[in-house]
Structure formats: C-alpha cells, structure tokens
Amino acid sequence: MADLATIQLSGRLTHDPETTETQKSAVVKFAMANNGFKEGSVSYFDCEAWGKVGEIVQKHCQKGKQILVEGTIRIDRWQDKDGNNRSKPVVNVRGVTFVGSKSDSNEAPKPQQPQQQAEAQDDIPF
C-alpha cells in the first residue's frame, strides 16, 4: 500500500483558473491564499484539478472566490537558473466545495444557490 498525503484547505483564489492541455487531458491550475490562525499569517498553495472537477473549477471560480478543496499533496522540486534547489507544495484537487456567498468574491451579487460540491472519479492521468 502506498503512503497517503491528503489535505483539506479553505481559502480564496488568487487569480482566475487557467486551463492547460496535456497529452491525455486538460488540467486546471489555480492558486489559493489561506489565512492562518495568527493575524497576518497567509499561506499560498498552487492547485491542479483534472477531469470533471477541473471543468467545474474553470466554469464557476474566479479570483477572490472562496472555496474548500480536498485532495492529495506533493512536493515539486527543481533547480532555478542559478543552480539553487527549490521546492513547493502542489495540491492535486479531488473535490471542491463552494463556500460563502457569491458576493464574497469580485463578481456582482447574484441570487443565492445551494452549496455545490464536486468530486473526482479517479480520472487523474498518472
């Protein structure tokens, strides 16, 4: 059995989601800001959503939207142009829940809708 690294994270999108086509499918990438318990403490997370979850994020989310994501976490490692080792966490989003009101983001207020949730169906291409 493989080790498991799961995460639940709530926060707001720092930019509109961007879709990138891969050889097998599309991936939707976005980043979230998560306010910590200590005032002024903010953590930023890069996120990737594949398949149906990615489609929902692309369609319904934009900068400032508050969401809750569930998924797995990995650490990407690379060397920068100066040869320094770098790393960052990346969340592979398996489910998303919309929280807060629609007027919490940068979009114009619209009538309330029931909370929406999406979950992946093991369609991640790796």
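The values are calculated or read from the model by the stated rules, or taken from the named source; none is laboratory data. Computed from a prediction, not measured in an experiment: that's the story for all the values here. Heads up, the Cβs are rebuilt from the backbone with ideal geometry, glycines too, and the neighbour counts pull from every protein chain shown.
I'd like to verify a number: residues in region 55-77 that are under 9 Å from the mean Cα position of the chain (by Cα) and either among the aromatic types (Phe, Trp, Tyr) or over 14 Å from Ile7 (Cβ atoms) (or both), how many?
Number of matching residues: 1.
So that you can scan it fast, the table gives a plain yes or no per residue for (1) modelled with pLDDT under 85; (2) surrounded by fewer than 16 Cβ atoms within 10 Å (Cβ to Cβ); (3) among the hydrophobic types (A, V, I, L, M, F, W, C):
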{"residue": "Val28", "(1), (2), (3)": "no, no, yes"}
{"residue": "Ala31", "(1), (2), (3)": "no, no, yes"}
{"residue": "Asn34", "(1), (2), (3)": "no, yes, no"}
{"residue": "Asp46", "(1), (2), (3)": "no, yes, no"}
{"residue": "Val93", "(1), (2), (3)": "no, no, yes"}
{"residue": "Glu107", "(1), (2), (3)": "yes, yes, no"}
{"residue": "Glu119", "(1), (2), (3)": "yes, yes, no"}
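Just to check your reading of the model, which residue among Lys59, Lys63, Lys88 is surrounded by fewer than 15 Cβ atoms within 10 Å (Cβ to Cβ) and either under 23 Å from Lys24 (Cα atoms) or modelled with pLDDT of 95 or more (or both)?
Values: Lys63 fails: surrounded by fewer than 15 Cβ atoms within 10 Å (Cβ to Cβ); Lys88 fails: either under 23 Å from Lys24 (Cα atoms) or modelled with pLDDT of 95 or more (or both).
Residue meeting the stated conditions: Lys59.
Given the conditions (1) in contact (Cβ under 8 Å) with a residue 60 or more places away in the chain; (2) outside any loop (DSSP other than H, G, I, E, B); (3) exposed (fewer than 15 other Cβ atoms within 10 Å of the Cβ), report the number of the one that Glu70 does not fulfil.
Glu70 satisfies all of (1) in contact (Cβ under 8 Å) with a residue 60 or more places away in the chain; (2) outside any loop (DSSP other than H, G, I, E, B); (3) exposed (fewer than 15 other Cβ atoms within 10 Å of the Cβ) except (3).
Considering only region 1-53, state which residues are outside any strand (DSSP E or B), of a type in the set (A, V, I, L, M, F, W, C) and in contact with a Lys or Arg (Cβ under 8 Å, 6 or more places away or on another chain). Explain how you work it out, then say what you get.
Taking region 1-53 and keeping what is outside any strand (DSSP E or B), we get 1-5, 14-17, 22-25, 36-41, 51-53.
Of the ones still in play, those that are also of a type in the set (A, V, I, L, M, F, W, C) are 1-2, 4-5, 37, 53.
Matches in region 1-53: Ala5, Val53.
Name, by its number, the condition in (1) more than 22 Å from Thr97 (Cα to Cα); (2) under 16 Å from the mean Cα position of the chain (by Cα) that does not hold for Asn84.
Against the list (1) more than 22 Å from Thr97 (Cα to Cα); (2) under 16 Å from the mean Cα position of the chain (by Cα), Asn84 comes up short only on (2).
Spot the failing condition for Ala33; the list is (1) at positive phi; (2) in contact with a strand residue (DSSP E or B) (Cβ under 7 Å, 6 or more places away or on another chain), and only one is missed.
Single failed check for Ala33: (1).
Across region 79-99, what is the total count of residues that are among the charged types (D, E, K, R) and either part of a loop (DSSP other than H, G, I, E, B) or free of Cβ contacts under 8 Å to residues at least 24 places away in the same chain (or both)? Quick ask: steps written out before the conclusion?
Taking region 79-99 and keeping what is among the charged types (D, E, K, R), we get 80-82, 86, 88, 94.
Retained after the next criterion (residues that are either part of a loop (DSSP other than H, G, I, E, B) or free of Cβ contacts under 8 Å to residues at least 24 places away in the same chain (or both)): 80-82, 86.
Count: 4.
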